[in-house]
1. Can we say LYS116 is without any contact (Cβ under 8 Å) to a residue 24 or more places away in the chain, assigned to a helix (DSSP H, G or I) and more than 60 Å from the chain's Cα centre (by Cα)?
2. Mind listing whichever residues of segment 260-287 are open to solvent by 60 Å² or more (accessible area, probe 1.4 Å) and hydroxyl-bearing (Ser, Thr, Tyr)?
3. Does segment 296-308 contain at least one residue that is in contact with a His (Cβ under 8 Å, 6 or more places away or on another chain) and either modelled with pLDDT of 70 or more or part of a helix (DSSP H, G or I) (or both)?
4. Quick one: what pairs do we get from segment 497-525, first residue in contact (Cβ under 8 Å) with a residue 40 or more places away in the chain and more than 17 Å from ALA474 (Cα to Cα), second assigned to a helix (DSSP H, G or I) and open to solvent by less than 70 Å² (accessible area, probe 1.4 Å), C-beta under 6 Å, 6+ apart or different chains?
5. Only residues that are over 15 Å from LYS504 (Cα atoms), buried (at least 19 other Cβ atoms within 10 Å of the Cβ) and of a type in the set (A, V, I, L, M): list them for segment 427-476, please.
6. Within segment 49-71, is there a residue that is within 49 Å of the chain's Cα centre (by Cα), at pLDDT below 80 and assigned to a helix (DSSP H, G or I)?
7. Which residue is modelled with the highest pLDDT, if the candidates are limited to segment 156-188 and must be over 30 Å from PHE18 (Cβ atoms) and open to solvent by less than 70 Å² (accessible area, probe 1.4 Å)?
8. Can you tell me how many residues within segment 550-560 are more than 13 Å from PHE525 (Cβ to Cβ) and assigned to a helix (DSSP H, G or I)?
Amino acid sequence: MMKIKTKLTLGIGLLFLFIILLVVLGTTYINVLNRDTQNILVANYNTLDYSRSMLIALDEDITNPKSFKKFSDNLIKQQNNITEIGEKELTEKLLLDFNSLMKAPKDSTLHITIRKDLTDIMLLNMQAIQRKSDIAKQTANNATWWIALSGTFCFMIAFILLVNLPGNVANPIKELTESIKQIAAKNYSERVHFESHNEFGQLAAAFNSMAEKLEEYNNSSLSKIMFEKKRIETLINNQHDPVIGLDEKKLILFVNDEALKILGMKTDELTGKYAQDIAVTNDLMRSLVQELILSKDGRHDKKSLKIYADNKESYFEKEIIPISITPTGEKEAKQIGDFIVLRNITSFKELDFAKTNFIATISHELKTPISAIKASLQLLENKNTGALNEEQKQLIEGIKDDSNRLLKITSELLNLSQVETGNIQLSIQQSEPSKILQYALEAVKVQADQKEVKLEVQKDNNLPLVKADAEKTAWVLINLLTNAIRYSPEKSQVIIEVKKNTNKIFFSVKDFGRGIESKYKDKIFTRYFQVPGSSRSGTGLGLAISKEFIEAQGGKIWVDSEIGEGSKFSFELNI
């Protein structure tokens, strides 16, 4: 019996040969037609054009130099374009008559003779055009006949292949696919029977051998699989964190004991039920699976939940872990379900609250003695208190700088405690971007003058009001300007830009300092982080607090920077 490969090769090869034949026939006849039409255009059409031009020149005053030149030029062209039998003699007669006319320009008989010569030349070429047109028409008819004949053969062969070949290939594949699905469904008794001795017959024999071995293996390993299943269930139940397993249709496969406690339900009330159905009556289950059901991109963020468990309020971090496998023999991963894991973070939350309260208390307590130190310094600087020598003045300046730095640190720590407790006190109202900018510029003017840094403002006119807490927004802008001045070289510039961007107001501060390496950009707004090698005079809290203030107002803050080109810190707020 003929092999499938041989059938395909013969059928496709025959089609390929007929296609080549069609291409050759088409190309050949197109070239012939092109040659025939080209002969008409180049040879005969040009002669008609020259003759027409000479008739026009003859109708004009032939004694006129312009008309004489026109006639002479076209006559020369005609002498160089003789292509038909008898055309040479007619052209030579025209030349003789024209020369005679030049000797007797007023002779009307010569005018009539020359006109007849031109008419004879045009008639000869028109007859040639008709003859060549008949030849081209015959060529087109021949081309149509041969191409139609070849196309008919191609159609017949293609139709025969279309009727027979797909069935010969697809039907065994379809039967084999159904059998494979049965094997995938663990029906290992399935067998395939092909009577042919081609490749499909060999494939059926190999498939049947595989199915037989799988059936034998399944029967021998079933007890081992059950043992492993029990072991996995025991491991999950001994987890200290609540764990819920779902399949790809959100059917609950298992729930460990810790999860049963916080859900307040029993195993038989959950296992084998759809999570969506349980969520209707159980608030906790609803909050656990809501994100899983609504998410379309398959990504899930870790989220904290406050749950009443073990007779107290506890904090859990919810993590949804997609479970994907690559089935044997396939290349693409397939999601088969999700794990919902709740990690108990109550102890960490309690420590975090204690730390935040401690920072807030210490910061608040420190502000009073620092303010007293600053007041004492002002009294010492007063001339009425007494004269100071240079060393004493230097000591006072040092104490003043340190106290200002301590006051700044305590203020940032107080802001941080507000951020961490979620008690950011905002006074959001309609504010003028120009006033926020002006307040910030005045606050850093002295610092900029000391380094001779020029503050260049690029601001749109007639800016709309911005929805913001003016004080905290100005604080953020002052912090960005202070950093820009600190990291800018002396006698350089800092560019401040304020403009409208669709329904946002855009603020940016651009310096021309060293810049920030790309590996540090994601960490720049992290608390206590400072770029290695930069000035350590700050606390590493300013940008983190700025980020919290801007985002609390519904805005966005970011940085663009390249090494050697400086940094540009930007934020935007709603109009």
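1. Considered against the rule, which asks whether it is without any contact (Cβ under 8 Å) to a residue 24 or more places away in the chain, assigned to a helix (DSSP H, G or I) and more than 60 Å from the chain's Cα centre (by Cα), LYS116 comes out as yes.
2. Scanning segment 260-287 gives THR267, TYR274, THR281.
3. Taking every residue of segment 296-308 in turn, none turns out to be in contact with a His (Cβ under 8 Å, 6 or more places away or on another chain) and either modelled with pLDDT of 70 or more or part of a helix (DSSP H, G or I) (or both).
4. Within 6 Å, the pairs are ASP511/ALA484.
5. Those that are over 15 Å from LYS504 (Cα atoms), buried (at least 19 other Cβ atoms within 10 Å of the Cβ) and of a type in the set (A, V, I, L, M): ILE436, LEU437, ALA440, VAL444, ALA448, VAL453, ALA474, VAL476.
6. no
7. Looking at residues that are over 30 Å from PHE18 (Cβ atoms) and open to solvent by less than 70 Å² (accessible area, probe 1.4 Å), I get THR177.
8. So the count comes out to 1.
The values are calculated or read from the model by the stated rules, or taken from the named source; none is laboratory data. The structure presented is a predicted model; accordingly, all values stated were derived computationally and were not measured. Counting neighbours? That spans all protein chains shown, and the Cβs are built from the backbone with ideal geometry, glycine included. Only protein heavy atoms, including side chains, enter the accessible area calculation; ligands, DNA and RNA are left aside. Shrake-Rupley method; radii C 1.70, N 1.55, O 1.52, S 1.80 Å.
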